[in-house]
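Quick note: the coordinates plus some simple rules give every number you see, no bench work behind them. Fair warning: this is a prediction, and the values are worked out from it, not measured in the lab. Cβ: placed from backbone, ideal geometry, glycine included. Neighbour counts: every protein chain shown.
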Amino acid sequence: MRVLNFGSLNIDYVYHVEHILSPGETLSSKQMEVFPGGKGMNQSIALARAGVEVYHAGMIGEDDGQFLLDTCSENRVNTHLIRTVKGKSGHAVIQVDETARNSILLYGGGNRRITKEYVDEVLGYFDEGDLLVLQNEVNMVDYIIDAAYEKGMRIILNPSPFDKELERCDFSKVSLFLVNEIEGRLLAGTGYETEEDGEKLIEGIMKKYKEAGVALTMGEKGAFFAGGDQWYYQKCFPVDAVDTTAAGDTFTGYFVAGLLKGGRMETIMEMAAKAAAIAVSRKGAAPSIPRMEEVMLFGDSK
Ligand code: RIB
């Protein structure tokens with residue numbers, strides 16, 4: 001069984017600020033750094049650092065994409081399916097405040113240049129039973145889901161960012177959703193607009209998508225997994241938070257890696273939560289994602 005991650009590759013411009021800007025406000029940042037990122041690439045790197053052989057598909061721009069391609073290669077992410085298009089790669093303008101929270105503005109660039117022909121070409125390398133990991137930072141997500149389902153691939157979706165384009169997707173074809181609380185509420189539909197507890201939220205999602213498993217990450221409040229009639233709760237491991245960017249992507253990569261390797265769900269959740277905690281204690285997106293050895297050494301007492 002092979003693993004394909006069809007997703008974004010971004011250059012992240014990270015501005016360290018006292019507080020996240022309000023509309024109309026002007027503020028000087030304290031520092032600016034550039035990191036490789038993008039939900040897609042972060043999740044591929046997390047999968048690879050957790051020990052999974054992953055094929056990444058997506059588009060980079062010929063002006064600035066080499067940096068992203070090199071980052072994938074250095075992390076043993078298979079880059080043969082990544083294509084270069086004219087112009088710029090996707091990028092993100094990220095503010096990180098003093099409490100490590102962020103706000104992210106995306107520029108699509110190459111991530112929005114996916115064509116049907118390219119999707120068909122990529123999926124041509126995969127077979128029934130192979131796994132597809134997807135987020136919502138590239139265009140054509142609806143078509144990718146339909147075409148992969150048609151092939152008999154299993155589909156894991158992190159519906160992030162949760163925007164109008166997802167309305168075109170047939171979520172009944174998804175085997176596993178990975179969501180944060182905001183995405184979870186939107187996926188569950190009306191009636192979950194307020195602060196719901198994790199269990200109620202998962203019940204709401206599972207009422208709509210009965211066949212799918214759901215992993216819900218709730219930051220400091222921990223994470224839930226539900227699938228069939230099984231429920232698991234995992235506490236969050238507290239760390240000195242520096243930058244929460246890519247914490248969810250790290251959880252996703254390690255969670256999916258755990259599922260692929262098999263084993264007890266308690267262990268899979270624990271490893272994913274530990275990996276995410278380490279990512280939060282470091283700056284940047286892709287560079288903050290730990291290797292498996294580091295996750296194994298992360299103490300239980302933390
Ligand atoms: O999930 C974090 C990622 O979101 C960042 O790396 C940024 O590029 C945006 O895609």
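About its Cα centre, the chain has a charge dipole of approximately 360 debye under the convention of +1 per Lys or Arg Cβ and -1 per Asp or Glu Cβ, with nothing else charged. Here segment 64-218 is assigned +1 on the Cβ of each Lys and Arg and -1 on the Cβ of each Asp and Glu. Its dipole about the Cα centre then comes out at about 380 debye.
Taking 0.36 nm per residue of separation and subtracting the Cα-Cα distance, full extension of the segment from Thr26 to Asp163 would add 46.6 nm. Values of log10 I(q)/I(0) for the chain across q = 0.11, 0.13, 0.14, 0.17 Å⁻¹ run -0.62, -0.89, -1.05, -1.58, by the Debye formula with one identical scatterer at each alpha carbon and no solvent. Taking other C-beta atoms within 10 Å as the exposure proxy, Thr250, Thr26, Thr217 rank Thr26, Thr217, Thr250 from fewest upward. For segment 46-94, averaging the sequence separation of C-alpha pairs within contact (under 8 Å, six or more residues apart) and dividing by the residue count gives a relative contact order of 45 percent.
Its Cα gyration tensor gives segment 188-302 an equivalent ellipsoid, and the semi-axes of that ellipsoid, as √(5λ) in whole Å with the largest first, are 25, 17, 12. Its alpha carbons considered, segment 1-78 gives a radius of gyration followed by a Dmax of 15.6, 51 Å.
Summing Lys and Arg as +1 and Asp and Glu as -1 over all other residues whose Cβ lies under 13 Å from the Cβ of Glu98 gives a net charge of -2. Spatially, segment 36-76 and segment 241-302 are offset by 17 Å when compared through their Cα centroids. Net charge near Lys151, counting Lys/Arg +1 and Asp/Glu -1 over other residues with Cβ under 15 Å of its Cβ? So the surrounding residues net to -4. Counted over segment 35-116, the DSSP beta bridges are approximately 60% antiparallel. Summing charges over all other residues whose Cβ lies under 12 Å from the Cβ of Lys39, with Lys and Arg as +1 and Asp and Glu as -1, gives -4.
Bridges between two residues of segment 1-155, per DSSP, are antiparallel at a rate of about 40%. Using C-alpha pairs under 8 Å with a sequence gap of at least 6, the mean separation divided by the residue count of segment 109-225 gives a relative contact order of 19 percent. Working from label points 7 Å from Cα in the Cα-to-Cβ sense, the Leu297 to Glu121 distance is 4.2 nm.
First measure r as the distance between the Cβ atoms of Arg2 and Ser73, then evaluate 1/(1 + (r/R0)^6) with R0 = 22 Å and state the FRET efficiency to the nearest 0.05. Using R0 = 22 Å, I get an efficiency of 0.75.
Taking the DSSP beta bridges with both ends in the chain, the antiparallel portion is around 40 percent. Across the options Pro159, Leu178, Tyr143, the greatest Cα extent toward the positive end of the charge dipole of segment 139-179 (unit charges at beta carbon of Lys, Arg, Asp, Glu) belongs to Leu178.
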